[in-house]
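Each remark here refers to the structure printed beneath this line.
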Amino acid sequence: MSTVIGIDLGTSTTEAAVIREGKPVMLLNFEQQEITPSAVGIDNSGNYVIGERAKAQYLLSPENTAIEIKRKIGTEERIQLGKRKYTPVELSAKLLEYVKNYASEYLDEEITRAVISVPAYFDDRQRQATVEAGNLAGFDVERIINEPTAAALSYGLEHMEEESHILVYDLGGGTFDVTLLEMFGGVLEVKASSGDNALGGKDFDERLIQWLVQQFQKKHGVDLRMNTYAMVKLKEKAEWCKKELSTQQSCQIVIPLIAESGGDPLSLEETVTAELFEKLIGDLVERTHHPIDVVMADSGILPSEIDRILLVGGSTRIPLIKRDIEQYLGKAPSASVNPDYAVAEGAAIQAGIIGGEIQGEDSLIMTDVNPYTLGIRALAYDSNDYMSVVIPRNVTIPVTRRETYSTSFDCQTMAKIMVYQGENQVASRNHFLGEFMIGDIPSGKAGQEAVEVEFSYNLNGILEVTAVILSTMKKASIEINMMNRQNEQEEEEIRTDVSGWKKASGAEEFRSIIRKVERILKKPEMNGKPLYREDLEKALYLLKKALLEEDMITAAAMEEELLDILEELQDGR
């Protein structure tokens, strides 16, 4: 059998590992480095540049370079490089192809099989896109593994006999995941997962960038946001400063000749203290609390029952993160795994189990869970838009569940099975996955014929749905493939990522109401007020969208609507 490697395809960096003599070994890229920047570019000759070269090119030619591609995976967004627009899948494939080539050279054999990690909170569409990128790069993707689970595997291989509850806190460059696992007798059982796919180190960088922009504008009256070169330099310096502040109390950012005013050159020079940086990112760190609460509630495990907290992802090196989680859960995090390599090592362990390099008494048995509720749109409680749950969130996978439904009206001979993923009781407020028809239902009175719907969810987090007419055993089915879907429903568009609103002109004057609403939406009591939550989420999205489009009239209207909803919420009307 050919070798299977493990790949951590990250927002900021990408790593790969393989099992050798029962242990994971990091693979070196063509620059003899274990860590490859997740950057893809086009040079002046039209050739692709990947990794360190692309990251260096970004400083000089950002219009020909793509970074943070992972945040766009699974979307319809196109990324402009030179004269052509690329899908996130295409650019991710170029990065994975680079990994394939350097792994093949390092191991002196053609590598075609891989296990690729994804955030635990990736939905079906994002997982499908990751598999497609792997296939496009020339890999047979043997398994998609959740990043926190991979990190736990990295820990578990050296602690086979341990019996413990492990919380994996995974804060990377672009995503945040938290997973609770139980380990016993060589079994690693995932109890619950949650996360935030729009929270990571890049958001911390952005806070620092915006502060630097504001300081420069106060001093010189020049808005650096209109200067592409300046913003690229600020991004580079902000990332550097963030890392510096992980080991020291202050750092000085100096960028000579960053702009000009009236023909005179201007330089940026600011001292950033750790205290200031922590103040800038404080509310972002607080956003990690809600996913932790979800995981603790879904698993039924108390904070006092957690035996070990594993920190994964480069952003966990920020001292505030460690202090915050210790204060929130009452337990200091462990340094038992390397935050940069743990996910790649864990993916390699899963690859080693698949490839047979790890077996017998040395092998770990792993279970995982689906992070989202899965169901269909149904008629119930006087509503034809009810989310009928087939597989609840945080159920151990692989899993097959069935529910039986009846015809809704007399002489019904066809039924449309509409599949959704999400936590809202209103089906159309969730993420639409796909639909199919089942026909030839025997004509009769309403409720006379029964249709059994079966959901099968595999270890890659990919779903198959089958419907059977029980009286005739006629079947119809669908394999969910989000890559073929072109038309987005308006309800799903409300969930589209609009995190870029902070960069929009005029965003500052709306920051207060946006932050206020975001804080309220995080409160546990909002789960008991679904209508208010939905109205707030929709108006908040439209406000951010208006800011991105510089539509200040709509933005002002949405601000007023948010204030009205908040007033109703306070009055209890």
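The values are calculated or read from the model by the stated rules, or taken from the named source; none is laboratory data. All values reported here derive from a predicted model rather than from experimental measurement. As a convention, Cβ positions derive from the backbone with ideal geometry for all residues, glycine included, and neighbour counts pool all protein chains shown. For the accessible areas, the whole protein counts, side chains as well, though only heavy atoms, and no ligand, DNA or RNA atoms are used. Shrake-Rupley method; radii C 1.70, N 1.55, O 1.52, S 1.80 Å.
What order do Thr247, Thr466 take when sorted by accessible area (1.4 Å probe), most exposed first?
Details: Thr247 120, Thr466 35 Å².
Most to least solvent-accessible, the answer reads Thr247, Thr466.
Rank these residues by their accessible area, most exposed first, probe 1.4 Å: Glu357, Glu278, Glu479. Please list the in-between numbers first.
Details: Glu357 70, Glu278 45, Glu479 120 Å².
Putting Glu357, Glu278, Glu479 in descending order of accessible area: Glu479, Glu357, Glu278.
Mind jotting down the distance between the C-alpha centroids of segment 223-251 and segment 151-212, whole Å?
Segment 151-212 and segment 223-251 have Cα centres separated by 26 Å.
Where the only charges are on Cβ atoms (+1 Lys, Arg; -1 Asp, Glu), what is the dipole of the chain about its Cα centre, to the nearest 20 debye?
760
Please report, to one decimal in angstroms, the Kirkwood hydrodynamic radius of segment 142-270 built from all distinct Cα-Cα pairs. Kindly include the intermediate steps, with their values, before the conclusion.
Numbers: mean 1/r = 0.0562 Å⁻¹.
The Cα-based Kirkwood calculation yields 17.8 Å.
How much accessible area per residue does the chain have, in Å², with a 1.4 Å probe?
Working: 25200 Å² over 573 residues.
Using a 1.4 Å probe on heavy atoms only, each residue of the chain averages 44 Å².
Among Lys235/Lys516; Lys242/Lys538; Lys416/Lys522; Lys72/Lys538; Lys55/Lys100, which pairs are too far apart, with a Cα-Cα distance over 24 Å? Write down the numbers at each step before the final one.
Values: Lys235/Lys516 27 Å; Lys242/Lys538 33 Å; Lys416/Lys522 35 Å; Lys72/Lys538 21 Å; Lys55/Lys100 19 Å.
From Lys235/Lys516; Lys242/Lys538; Lys416/Lys522; Lys72/Lys538; Lys55/Lys100, over 24 Å: Lys235/Lys516; Lys242/Lys538; Lys416/Lys522.
Residue farthest toward the positive end of the dipole of segment 167-206, with Cβ of Lys/Arg at +1 and Asp/Glu at -1: which of Leu188, Val178, Ala198?
Leu188
Rolling a 1.4 angstrom probe over the protein chains, ignoring ligands and nucleic acids, what is the accessible area of Trp211 in square angstrom, nearest 10?
Roll a 1.4 Å probe over it and Trp211 shows about 40 Å².
Excluding ligands and nucleic acids, what accessible area in Å² is computed for Phe409 using a 1.4 Å probe, to the nearest 10?
It works out to around 110 Å².
Taking the alpha-carbon distance from Lys219 and a cut-off under 17 Å, which aspartates and glutamates remain once sequence neighbours fewer than 8 residues away in the same chain are dropped?
Straight-line reach from Lys219, under 17 Å: Glu260, Asp264, Glu269, Glu270.
Which label marks the calculated value of Cα extents along the principal axes in Å, given the options [x] 87, 63, 45; [y] 131, 82, 42; [z] 84, 64, 54?
Derived directly from the coordinates: [z].
Cα-Cα over 29 Å: which of Lys70/Lys243; Lys191/Lys237; Lys233/Lys331; Lys243/Lys331?
On the way: Lys70/Lys243 21 Å; Lys191/Lys237 40 Å; Lys233/Lys331 39 Å; Lys243/Lys331 24 Å.
Beyond 29 Å between Cα atoms: Lys191/Lys237; Lys233/Lys331.
Under a point-charge model restricted to the Cβ atoms of Lys and Arg (+1) and Asp and Glu (-1), what is the dipole moment magnitude of segment 289-415 relative to its Cα centre, in debye to the nearest 20? Let's see the in-between values first.
On the way: 9 positive and 16 negative charges, 46 e Å.
In debye, rounded to 20, segment 289-415 gives about 220.
Ignoring everything except DSSP H segments at least 4 long, calculate the 222 nm mean residue ellipticity for the chain; use -39,500 (n - 2.57) per segment, divide by total residues, nearest 500.
Result for the chain: -11000 deg cm²/dmol, rounded to the nearest 500.
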